[in-house]
Amino acid sequence: QVQLVESGGGLVQAGGSLRLSCAASGSIFSINAMGWYRQAPGKQRELVAGIVSSEFTNYADSVKGRFTISRDHAKNTVSLQMNSLKPEDTAVYYCRAEVYPNGMVFWGKGTLVTVSS
């Protein structure tokens, strides 16, 4: 089992920045990929960014060039630096971890990001 706890959400004006962090605990040795997803009201949950290592990252087209995902293996954390925020970035942001070898997925409870225009 893996437990994930997000932090760093809040209210920010358009054009501002926020940094989200996710701390993993439990069977952390089994974590393969980690990532951030978001879900806006009335919409499906969507991938924001994923990371296996610094060499292997992927981003949604809507956040490329504005968001940066990073992972600290020593601290068992994954972070999402969000710059140039837009009102359409408003959502609950969830941390996700995928473990090997069975690919089981774990989710955090989410943190709310609100971007005002």
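The values are calculated or read from the model by the stated rules, or taken from the named source; none is laboratory data. What you are looking at is a predicted structure, and each value in this text was computed from that prediction instead of being measured. Note that we place each Cβ from the backbone using ideal geometry, even for glycine, and neighbour counts take in every protein chain shown. Just the protein is used for accessible areas: all its heavy atoms, side chains included, with ligands, DNA and RNA removed. Shrake-Rupley method; radii C 1.70, N 1.55, O 1.52, S 1.80 Å.
Details
- Subset of region 24-39 [of a type outside the set (Gly, Ala, Ser) and under 11 Å from the mean Cα position of the chain (by Cα)]: Met34, Trp36, Tyr37, Arg38
- Residue count for region 91-105 satisfying the condition of being surrounded by fewer than 19 Cβ atoms within 10 Å (Cβ to Cβ) and among the hydroxyl-bearing types (Ser, Thr, Tyr): 1.
- The set of residues in region 51-66 being in contact (Cβ under 8 Å) with a residue 24 or more places away in the chain and within 14 Å of the chain's Cα centre (by Cα) consists of Ile51, Val63.
- Subset of region 33-48 (residues that are touching a residue at least 40 places away in the same chain (Cβ under 8 Å) and part of a strand (DSSP E or B)): Ala33, Met34, Gly35, Trp36, Tyr37, Arg38, Gln39, Val48
- Residue within region 106-116 that is of a type in the set (Phe, Trp, Tyr), in contact (Cβ under 8 Å) with a residue 60 or more places away in the chain and either open to solvent by less than 60 Å² (accessible area, probe 1.4 Å) or over 17 Å from Cys22 (Cα atoms) (or both) present: yes
- Residue satisfying all of: in region 32-45; touching a strand residue (DSSP E or B) at 6+ places or on another chain (Cβ under 7 Å) and more than 15 Å from Leu20 (Cβ to Cβ); most open to solvent (accessible area, probe 1.4 Å) among these: Arg45
- Residue match in region 75-93 (condition: small (Gly, Ala, Ser) and more than 18 Å from Ser17 (Cα to Cα)): no
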